[in-house]
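The values are calculated or read from the model by the stated rules, or taken from the named source; none is laboratory data. The structure presented is a predicted model; accordingly, all values stated were derived computationally and were not measured. A quick note on method: Cβ atoms are made from the backbone with ideal geometry, for glycine too, and the neighbour counts reach across all protein chains shown. Note: accessible area is taken over every heavy atom of the protein model, side chains too, but ligands, DNA and RNA are not part of it. Shrake-Rupley method; radii C 1.70, N 1.55, O 1.52, S 1.80 Å.
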Amino acid sequence: MPAPALSAEQEALFRLIEDTQEHVFVTGRAGTGKSTLLRHLTWNTKKQIAICAPTGVAALNVEGQTIHSLFKLPIGLIADSDIDQSDATRKLLNAIDTLVIDEISMVNADLMDGIDRSLRQARARRREPFGGVQVVMFGDPYQLAPVPPRGDEAKYIADHYDSFWFFDAKVWAGSTAGDGLLEMGRVGAELNIRELTQIHRQDDDAFKTMLNAVRYGRVTADIAETLNRIGSRTPPEDAKDPIITLATRNDRVNTINAKHLDALPGREQTAVADVSGDFGRGDTYPADEHLKLKIGAQVMFLRNDVASGGEPPRWVNGTIGTVTRIMGDSVRVDVDGEEFDVEPAVWEKYRYAYDSFQKKLSRDVAAEFTQFPLRLAWAVTIHKSQGKTYDRAIVDLGAGAFAPGQTYVALSRLSSLDGLYLSRPLRPRDIRVDENVRRFMRTAWERYGSEMRQAAP
């Protein structure tokens, strides 16, 4: 599938990353094209880059490696413990010009500092942040948060950091936790924050305004009334016009999907994934290891169409369809009245290494996962809907949104307000914004102002 052209603001950001050594945090509201810019950087940079992410699924999505795997870091709190590095790891880290981290909002402050220490240790530039490596980060702290620490880890974070968010790591200049760096003869890294502002997912300015209010936790009574009034409509039940439920919890999603699948007539068939190499545990798989299907099942595509030969894609990641036929090596899916034969797709898990012959980084396939790029889609968790776009969806917040940004993620998946259906009215406590994120973004606006080109939160 041909890559989309960059917008003017995306191109300007690409040039900032490519033409300088600045550390850059690329953020922006849902649908502003952060992933598009990251893909463009991956394929067009002349620098030696390594791409990583905090989770296995996130790393697969950007064809990179997990942070812990790339840096060979221990799981859990790193704190001030020694970081063991083999010769191979040091050579690899020395070859990196630019480190790209996706879903940076899920990285905690301690891990951010662990990345800094690993690079400085490997590159023998102890005074220079990240050992001289440029760090480029993508993500939106208004959407995804790091897993809160517990027990002794929480006590350590409370004693050493302003919060557990990545932006409060000691490595950053201006961080109060980093004041001790000066005592060690080190300086903090300058973090350049740039916010993409052009929304590509929605066209309706009124809906964009509502989503912005939810994002910043500034929902007025009028906005809440409009969302609840439009969302109170009864969802359609016509199987030819599929609709998906976005729910907060896995158990709710599994119950909805199992109920609908069981209600279909016909024989249930199971496609078993082929897993080769060290792909990790089942919770890191990009699709179901055992995919259960029936004719009539509502499914969602998990990957973009890559076989369109330059033509418009037949489906994209998040497209919803209905199974019309199940064959041994393919599944026929109806998408908007047109049927397509879908074959198994291969997800490749990559591992970086240092090529001593060419004296540069190599990215090798370490494992493969082969499965139909489909998932039952009467329901999906809000978390797994991240990055998807839906024309219509039922937002089911159950007992309430339990994480900051959860309601914003759910609502911002929709391409228009007309596609919104609510299982119950939104409540004030469903609109949650982390106060540390408010503080960070407010400070960023005060510092960067017009460069961010975004209204102050």
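Share of antiparallel DSSP beta bridges in the range 345-444, in percent to the nearest 5?
Bridges in the range 345-444 are about 75 percent antiparallel.
Rounded to the nearest whole Å³, what is the per residue volume of the convex hull around the Cα atoms of the chain?
Here the figure is 155 Å³ per residue.
What is the percent carbon and sulfur in the accessible area of the range 1-97, measuring with a 1.4 Å probe over the protein chains and ignoring ligands?
52
Assuming R0 = 35 Å, what is the FRET efficiency of Lys72 and Asn250, from their Cβ-Cβ distance, to the nearest 0.05?
Efficiency, rounded to the nearest 0.05: 0.70.
List the longest stretch of the chain that has no exposed loop site; here a site is one of the chymotrypsin sites (Phe, Trp or Tyr not before Pro) assigned by DSSP to anything other than H, G, I, E or B, with at most 15 other Cβ within 10 Å.
The answer is 1-356.
If one takes the longest principal axis of the Cα atoms in the chain, at what angle in degrees, from 0 to 90 and to the nearest 10, does the Cα axis of helix 250-263 lie?
Approximately 30 degrees, to the nearest ten.
Which listed residue (Leu361, Phe372, Thr443) has the Cα farthest towards the positive end of the charge dipole for the range 300-457, taking +1 on Lys and Arg C-beta and -1 on Asp and Glu C-beta about the Cα centre?
Toward the positive end, the furthest listed residue is Thr443.
Along the positive direction of the dipole of the chain (beta-carbon charges: Lys, Arg +1; Asp, Glu -1; about the Cα centre), which of Thr248, Ala53, Asn192 reaches farthest?
The Cα lying farthest towards the positive end belongs to Asn192.
So, with +1 on the Cβ of K and R and -1 on the Cβ of D and E, and no other charges, what is the size of the charge dipole of the range 270-332 about its Cα centre, to the nearest 20 debye? Before the final figure, lay out the partial values.
Details: 7 positive and 8 negative charges, 70 e Å.
It comes to approximately 340 debye.
Do any of Lys292/Lys384; Lys34/Lys91; Lys208/Lys388; Lys47/Lys72; Lys72/Lys170; Lys208/Lys292 go past 26 Å between their Cα atoms, and which?
Long pairs (Cα-Cα over 26 Å): Lys34/Lys91; Lys208/Lys292.
What base-10 log of the normalised intensity I(q)/I(0) is obtained for the range 1-126 from the Debye formula, alpha carbons as equal point scatterers, at q = 0.15, 0.17, 0.21 Å⁻¹?
Those come out to -0.75, -0.95, -1.35, one per q.
Restricting to bridges with both residues inside the chain, how much of the DSSP beta-bridge set is antiparallel, in percent to the nearest 5?
Working: 35 of 66 bridges.
Approximately 55 percent, going by the DSSP bridge assignments.
Using +1 at the Cβ of each Lys and Arg and -1 at the Cβ of each Asp and Glu in the range 41-151, identify which of Val62, Gln134, Ile104 lies farthest towards the dipole's positive end.
Checked the options; the winner is Gln134.
If you stretched the chain out fully between Asp97 and Arg267, how much longer would it get, using 0.36 nm times the residue separation minus the C-alpha to C-alpha distance?
55.8 nm
May I ask you to give the percent of accessible area on the range 321-457 that is carbon plus sulfur, with a probe radius of 1.4 Å?
Carbon and sulfur: 46 percent of the exposed surface of the range 321-457.
In debye to the nearest 20, how big a dipole does the range 255-297 give about its Cα centre with +1 on each Lys and Arg Cβ and -1 on each Asp and Glu Cβ?
Charge dipole, the range 255-297, about its Cα centre: 260 debye, nearest 20.
Once you charge only the Cβ atoms, +1 for Lys and Arg and -1 for Asp and Glu, what is the size of the charge dipole of the chain about its Cα centre, to the nearest 20 debye?
480
Subtracting the Cα-Cα distance from 0.36 nm times the residue separation, let me have the gained length for Thr226 to Arg90 in nm, one decimal. The partial results should precede the final answer.
Details: separation 136, 0.36 × 136 = 48.96 nm, distance 5.61 nm.
Stretched out fully, the Thr226 to Arg90 stretch lengthens by 43.4 nm.
Under 16 Å from a point placed 7 Å out from the Cα of Val346 along the Cα-to-Cβ direction: which residues of the range 272-286 have their backbone N that close?
Flagged as within label range: 273-279.
For the range 298-457, which semi-axes, largest first and in whole Å, follow from the square roots of 5 times the eigenvalues of its Cα gyration tensor?
Numbers: eigenvalues 228, 164, 46 Å².
Its equivalent ellipsoid spans semi-axes of 34, 29, 15 Å.
Please compute, over every Cα-Cα pair in the range 1-58, the percentage with a separation greater than 14 angstrom.
The calculated P(r) of the range 1-58 puts 59 percent of pairs beyond 14 Å.
Only loop residues by DSSP count here, and only those with at most 14 other Cβ atoms within 10 Å; note down the trypsin sites (Lys or Arg not before Pro) in the range 353-402 that meet that.
Qualifying residues, ordered by number: Lys359.
How much of the accessible area of the range 245-307, probe 1.4 Å, is carbon plus sulfur, in whole percent?
The nonpolar share, carbon plus sulfur, comes to 46 percent.
In whole Hz and in residue order, list the ³J(HN,Hα) couplings for the range 226-236 that follow from phi through the Karplus curve 6.51 cos²θ - 1.76 cosθ + 1.60, θ = phi - 60°; x for Gly and Pro.
Using θ = phi - 60°, the values come out as 5, 4, 6, 5, 5, x, 7, 5, 6, x, x Hz.
Using the heavy atoms of the protein chains alone and a 1.4 angstrom probe, what is the accessible area of the chain per residue in square angstrom?
Dividing the accessible area of the chain by its residue count gives 47 Å².
What FRET efficiency comes out for Glu190 versus Thr370 if R0 is 56 angstrom and r is the Cβ-Cβ distance? Round to the nearest 0.05. Mind dumping the intermediate values first?
Numbers: r = 44 Å, r/R0 = 0.79.
According to the calculation, E is roughly 0.80.
Just to verify a number: FRET efficiency for Asn304 and Arg427, C-beta to C-beta distance, R0 = 45 Å, to 0.05? Before the final figure, lay out each step's value.
Working: r = 36 Å, r/R0 = 0.80.
Using R0 = 45 Å, I get an efficiency of 0.80.
Okay, helix-only estimate at 222 nm for the chain: each DSSP H run of n ≥ 4 adds -39500 (n - 2.57), divide by all residues, round to 500 deg cm²/dmol; what do you get?
So the calculated ellipticity at 222 nm is -8000 deg cm²/dmol.
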